[in-house]
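Below you'll find the structure, written out as structure tokens, and then a few comments.
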2 protein chains.
Amino acid sequence: MNLLKKTIALPRGFRGAGIHAGIKKDGEKDMALIVSDTDAAVAGVFTTNPVHAAPVKVCRRHLPGGRARAIVVNSGIANACTGRGGLADARAMAAAVARRLKCPVESVFVSSTGIIGKRLPMSIVRAGIDTLLARLSPAGGRAVSEAILTTDTRPKRCLVRLRIDGRPVLVAGMAKGAGMIEPNMATMLSYLLTDAAVQPAALQRGLQQAVDASFNRISVDGDRSTNDSVLLLANGAAGTRPLKPGHPDWPKFLAALRAATEYLAREIVYDGEGATRFVTVQVRGARSDTDADRAARAVANSLLVKTSWAGTYPNWGRILDAVGYSGARVVEDRLSLHYNDVPAVRRGIAAPTPIRRLQKITAGREFNVAIDLHLGRGQATVYTCNCTEEYVRINV
Amino acid sequence: MNLLKKTIALPRGFRGAGIHAGIKKDGEKDMALIVSDTDAAVAGVFTTNPVHAAPVKVCRRHLPGGRARAIVVNSGIANACTGRGGLADARAMAAAVARRLKCPVESVFVSSTGIIGKRLPMSIVRAGIDTLLARLSPAGGRAVSEAILTTDTRPKRCLVRLRIDGRPVLVAGMAKGAGMIEPNMATMLSYLLTDAAVQPAALQRGLQQAVDASFNRISVDGDRSTNDSVLLLANGAAGTRPLKPGHPDWPKFLAALRAATEYLAREIVYDGEGATRFVTVQVRGARSDTDADRAARAVANSLLVKTSWAGTYPNWGRILDAVGYSGARVVEDRLSLHYNDVPAVRRGIAAPTPIRRLQKITAGREFNVAIDLHLGRGQATVYTCNCTEEYVRINV
């Protein structure tokens, strides 16, 4: 297995296009289309927010059909909190694509990302779909990965090469997301495309596992979005036997999926709005994994912790404070904390490490905070970033 | 009843002092002492964070004694996460005051606020206590209210005049707190002093009710602190009969307590680190008060909502998003939202109010966000502020 970072190529049987249709006023690309030449098996994971966007509602309805021919996406407007009218718009996007591909509307999936509460300009969207269909190309992956962005500073894409049944197979991944990012999905869209053949139920389980270990472990600002969607299409164009548990190469496929989603999830944190540091928060020794998760998320989402990381001072007091109020069981004089492998706290009080040694670590572009509660075997990891003045400027 | 804002005077039988002892390096006042000439009944409410500071541990142990002669406070260092040594320091602060006042150590209460994880410079603290004792004065309230501050831009103080048993009585209040502010207490210290006589159990219940309706309803950044403490001393120097439920003036006293704590709580939000707007988040129509509380706090603590309030655009989409992920039961197409009394959302979608009209409200120094879930009778209110670049600058 071979993960190529910052690289995109569409697997066999996929074509794509990305254009500026006119939804964004700044001339940036704002619509994308991915088409599989044949029916692909499809898996999807979506936001758990009960307030969710029209395209998410459409995807949820289409997913049980089990087949996908296309994904149509717009950026700039989220089509969330738009009521029945917005739902009709999202359906119309799917229907317009389905009509031209001569496939059932249930085989077309829809995503939107951008501002909440605004209706889509449907004449622009319809014209955009016509243009996208005309521009579809096997080399269109790059344009797609650009057209799905909003406040991102760069596209996030990767390509995994592996062999299934002895044949070369690709898993292509792309994602967008930089704010409203919190575990359990984010304002985040991600599309994974493979020319492997995969049994549909296995595809869904495999995707869910990969998402739990990647996109659900990142946090930029603790805000869970209305539009989060991850879609995985497997069209079998590589001519391999359908993958499922029991197939000798199934673990290899899962590993590829996990590598791609983990890479993309980390890329989202690296590109967190205004972020300049990537921080891995590891909690161990909790009474349960749930407790560890609570503690890790409280730290990763603490505004005071995140702003302290905008400077270079190793302000571990704020971290212990967040662990304290996380809801996890905590006994103060058992707490320990390391930055990378250097002790900062032992038994709830400052370790005798010189502050300059810690400061060297927390001034870095990337570091680990390892917290041990010394109460059990529960553990959890969350990836997060710092909160800088730039974050505020972006979100005003 | 008469609430005088920004005013402080110590009730009869109290003396106070505030000085620069040398804990803070910038020359600002950093130690305070309040003394009651006679034993006062005492009530206290403290942080619920299991990681809490040594002075909070000391106060919790002294509270069952039911009597207070003094409160000694330092700012600059929180004496939190300092282990046994820190606990010994906090005890030594109480003991030094008790020795000089010739009272039991259990009658002396201690507070600290400032950076977590650092030990107090005890020789400076001891010398400070000597100076404070020498400077005690009935006019010392102003100096006390200044010496307890950290990142606050101004002291928070008020004075309530009322009549109990026909005699004039004072309730004096002061508070500090500007960051790490979240409902269920905050990095917040508040002292309430009265010359009324109050039965101890009634005093504690009265304080808890007042705190629940005031300090527990504010949020600056969602971080619950290690040091939150509210202490209420009633020394009876006004010569009134002990207040308790059944006394005809008991409701009047509760109202005075509530007026003082509400005023101080709002002052803390107004002085929120970097804050330029005061926002009241009201949720009604929830299935339960608990659900309403969840929704209101999710909105008040959403980083994206708070940063949107740094600008002037009425970004209600982010508010609905936060209500959605709050954990409260939500049916999207029943949601309504008003800014002040102007509708922004009806049945989950944009109301036909011109955006400029909403913008006029959200550009103001103070406004209300009223969210109706239309599912029941549960309601809750939280007071909060916006998050500006200045917040980040302060906390780096």
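The values are calculated or read from the model by the stated rules, or taken from the named source; none is laboratory data. Bear in mind the structure is a predicted one, so any value in this text is a computation, not a measurement. For neighbour counting, all protein chains shown are included, and Cβ atoms are generated from backbone atoms with ideal geometry for every residue, glycine included. For accessibility, only protein heavy atoms count, side chains too; no ligands or nucleic acids. Shrake-Rupley method; radii C 1.70, N 1.55, O 1.52, S 1.80 Å.
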Any residue in the range B:359-372 that is farther than 24 Å from B:Glu262 by Cα, more than 9 Å from every other protein chain (Cβ to nearest Cβ), of a type outside the set (D, E, K, R) and touching a residue at least 12 places away in the same chain (Cβ under 8 Å)? yes
Among the candidates B:Thr82, B:Thr113, residue that is crowded, with 24+ Cβ neighbours inside 10 Å, within 14 Å of another protein chain (Cβ to nearest Cβ) and free of Cβ contacts under 8 Å to residues at least 40 places away in the same chain: B:Thr82
Among the residues of the range A:289-299, is there at least one that is more than 9 Å from chain B (Cβ to nearest Cβ), open to solvent by less than 50 Å² (accessible area, probe 1.4 Å), more than 29 Å from B:Thr388 (Cβ to Cβ) and modelled with pLDDT under 95? yes
Exactly one condition in (1) at the interface with chain B (Cβ under 7 Å from one of its Cβ atoms); (2) within 21 Å of A:Cys387 (Cα to Cα) is false for A:Glu332; which is it? (2)
Quick check on the range A:313-361: of everything there that is at pLDDT below 95 and on the phi > 0 side of the Ramachandran plot, which residue is most open to solvent (accessible area, probe 1.4 Å)? A:Arg347
Only residues in the range A:14-36 that are of a type in the set (S, T, N, Q) count as the first member; pair them with residues that are assigned to a loop (DSSP other than H, G, I, E, B) and at pLDDT 95 or above, Cβ under 9 angstrom, at least 6 apart or cross-chain, and list the lot. A:Ser36/A:Gly13; A:Ser36/A:Asn235; A:Ser36/A:Ala237
Could you list, ordered by first residue, the pairs with Cβ atoms under 6 Å in which the first is in the range A:198-212 and on the phi > 0 side of the Ramachandran plot and touching a residue at least 12 places away in the same chain (Cβ under 8 Å) and the second is part of a helix (DSSP H, G or I) and not basic (Lys, Arg), at least 6 apart or interchain? none
Can you tell me which residue is nearest to the other protein chains (Cβ to nearest Cβ) among those in the range A:118-142 that are in contact with a Lys or Arg (Cβ under 9 Å, 6 or more places away or on another chain) and either more than 20 Å from A:Ala40 (Cβ to Cβ) or open to solvent by 10 Å² or more (accessible area, probe 1.4 Å) (or both)? A:Asp130
Test for B:Asp152: is it among the charged types (D, E, K, R) and assigned to a helix (DSSP H, G or I): no
Have a look at B:Val392, B:Val369, B:Val382 and point out the one that is in a helix (DSSP H, G or I), surrounded by 15 or more Cβ atoms within 10 Å (Cβ to Cβ) and either over 31 Å from the mean Cα position of the chain (by Cα) or β-branched (Val, Ile, Thr) (or both). B:Val392
Give the residue that is most open to solvent (accessible area, probe 1.4 Å), with candidates limited to residues of the range A:254-288 that are assigned to a loop (DSSP other than H, G, I, E, B) and over 20 Å from A:Ala310 (Cβ atoms). A:Arg287
Taking only the range B:28-69 into account, find how many residues are within 14 Å of another protein chain (Cβ to nearest Cβ), touching a helix residue (DSSP H, G or I) at 6+ places or on another chain (Cβ under 8 Å), surrounded by fewer than 22 Cβ atoms within 10 Å (Cβ to Cβ) and assigned to a helix (DSSP H, G or I). 1
